[in-house]
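Read through the structure below, which is laid out as structure tokens, and then see the notes.
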Amino acid sequence: CGPDDTLPASIYVQRFGALFQPIWTFIKTSAAVLVPTLFVIYGISTFKMPTEGTLFGTIADTFGLQPNVRGRHFDTASYDVVGYANIGHFTTQADIEAGNQIVELIRATDGPVISEDASFVLAAGHPVITNPTQLRNLSLNNTDENPIWDGTELIHMVENKQVALIILRASFFPTPFLEAVLENYSPDEAIEMNGFTYQFWRPKPD
């Protein structure tokens, strides 16, 4: 096939198609080799495995593999692709114990519990009340013409101190909710887990 059979007909294709067709063929052929090679290189750079223990320690020693950890954060590709290959913190025994402590505090609470991280509430067997980040997204997009979030009922629960415990980590709730918490609740204690501080807010005495 000639250039006119594969490219849109134009005066430039008619005049220069024969010149550029070999270049285009070279680019396509090179890409067929280069792209898979880049994927293989990236896969090697983000390879993850333990470097301790009988099996993995032996493998790591044999191939000279060194742990690539900054603090407690697993960095697979030396931050070359931030937000894509960095996949979180290593969980320590202290984190596990702190998580169990949070779950037990929820279980011991008589009444509704609102937690910024719902996993603790689920583990404690309590019903999950709301989703903070989604409420915040809705509240930030509220307009008089299009009121997509009405937090009246939830805020009234806080103002009336109907929620027995509120657990905050990053305060991702809507601002009116947080203001109601600050006015009607006080911090009781804080627990460190996985690099974050979980604050426990309980109703202020009447």
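Looking only at the stretch 156-173, count every residue that is in a loop (DSSP other than H, G, I, E, B) and either closer than 14 Å to residue 135 by Cβ or not assigned by TED's automatic domain parsing to the domain that holds residue 184 (or both) and tell me the total.
The first filter runs over the stretch 156-173 and keeps only residues in a loop (DSSP other than H, G, I, E, B), leaving 160-164, 169-173.
Restricting the remaining residues to those that are either closer than 14 Å to residue 135 by Cβ or not assigned by TED's automatic domain parsing to the domain that holds residue 184 (or both) gives 170-173.
Summing the residues that are in a loop (DSSP other than H, G, I, E, B) and either closer than 14 Å to residue 135 by Cβ or not assigned by TED's automatic domain parsing to the domain that holds residue 184 (or both) in the stretch 156-173 gives 4.
Within the stretch 174-206, track down each residue that is in a loop (DSSP other than H, G, I, E, B), within 25 Å of the chain's Cα centre (by Cα) and over 26 Å from residue 97 (Cβ atoms). Spell out how you get there, then give the answer.
Taking the stretch 174-206 first, the residues in a loop (DSSP other than H, G, I, E, B) are 174, 194-195, 204-206.
Subsequent filtering for residues that are within 25 Å of the chain's Cα centre (by Cα) retains 174, 194-195.
Within the stretch 174-206, just 174 meets the criteria.
Would you confirm whether any residue within the stretch 81-89 is modelled with pLDDT of 75 or more and touching a helix residue (DSSP H, G or I) at 6+ places or on another chain (Cβ under 9 Å)? Explain how you work it out, then say what you get.
Step one: of the stretch 81-89, the residues modelled with pLDDT of 75 or more are none.
No, that holds for no residue.
Give the residues of the stretch 104-141 that are touching a strand residue (DSSP E or B) at 6+ places or on another chain (Cβ under 6 Å) and hydroxyl-bearing (Ser, Thr, Tyr), sorted by residue number. First the steps, then the outcome.
First, pick out the residues of the stretch 104-141 that are touching a strand residue (DSSP E or B) at 6+ places or on another chain (Cβ under 6 Å): 106, 109, 113-116, 121, 126, 129.
Matches in the stretch 104-141: 109, 115.
Across the stretch 117-131, what is the total count of residues that are within 23 Å of residue 95 (Cα to Cα) and either aliphatic (A, V, I, L, M) or in contact with a Phe, Trp or Tyr (Cβ under 6 Å, 6 or more places away or on another chain) (or both)?
Here is the first cut: in the stretch 117-131, the ones within 23 Å of residue 95 (Cα to Cα) are 117-126, 128.
Going one step further and asking which of them are either aliphatic (A, V, I, L, M) or in contact with a Phe, Trp or Tyr (Cβ under 6 Å, 6 or more places away or on another chain) (or both), we end up with 118, 121-124, 128.
The qualifying residues number 6.
Kindly establish whether residue 130 is in a loop (DSSP other than H, G, I, E, B) and free of Cβ contacts under 8 Å to residues at least 24 places away in the same chain.
Numbers: in a loop (DSSP other than H, G, I, E, B): yes; free of Cβ contacts under 8 Å to residues at least 24 places away in the same chain: no.
Spelling it out, it is not the case that residue 130 is in a loop (DSSP other than H, G, I, E, B) and free of Cβ contacts under 8 Å to residues at least 24 places away in the same chain.
Within the stretch 25-38, which residues are aromatic (Phe, Trp, Tyr) and either exposed (fewer than 10 other Cβ atoms within 10 Å of the Cβ) or under 23 Å from residue 64 (Cα atoms) (or both)?
First, the residues of the stretch 25-38 that are aromatic (Phe, Trp, Tyr): 26.
Within the stretch 25-38, none qualify.
Would the stretch 44-56 turn up any residue that is modelled with pLDDT of 85 or more, within 29 Å of the chain's Cα centre (by Cα) and of a type in the set (Phe, Trp, Tyr)?
Looking through the stretch 44-56, at least one residue is modelled with pLDDT of 85 or more, within 29 Å of the chain's Cα centre (by Cα) and of a type in the set (Phe, Trp, Tyr).
A quick yes/no check of all residues on (1) modelled with pLDDT under 90; (2) polar (S, T, N, Q):
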| residue | (1), (2) |
| --- | --- |
| 74 | yes, no |
| 92 | yes, yes |
| 97 | no, no |
| 106 | no, no |
| 125 | no, no |
| 151 | no, no |
| 167 | no, no |
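Only one of 135, 182, 140 is at pLDDT 90 or above and surrounded by 15 or more Cβ atoms within 10 Å (Cβ to Cβ). Can you tell me which? Lay out the reasoning, then the answer.
Numbers: 182 fails: surrounded by 15 or more Cβ atoms within 10 Å (Cβ to Cβ); 140 fails: surrounded by 15 or more Cβ atoms within 10 Å (Cβ to Cβ).
Unique residue meeting the criteria: 135.
The values are calculated or read from the model by the stated rules, or taken from the named source; none is laboratory data. Predicted model only: the values in this text are computed from it and were never measured. Cβ sites come from the backbone with ideal geometry, for glycine too, and all protein chains shown count toward neighbours.
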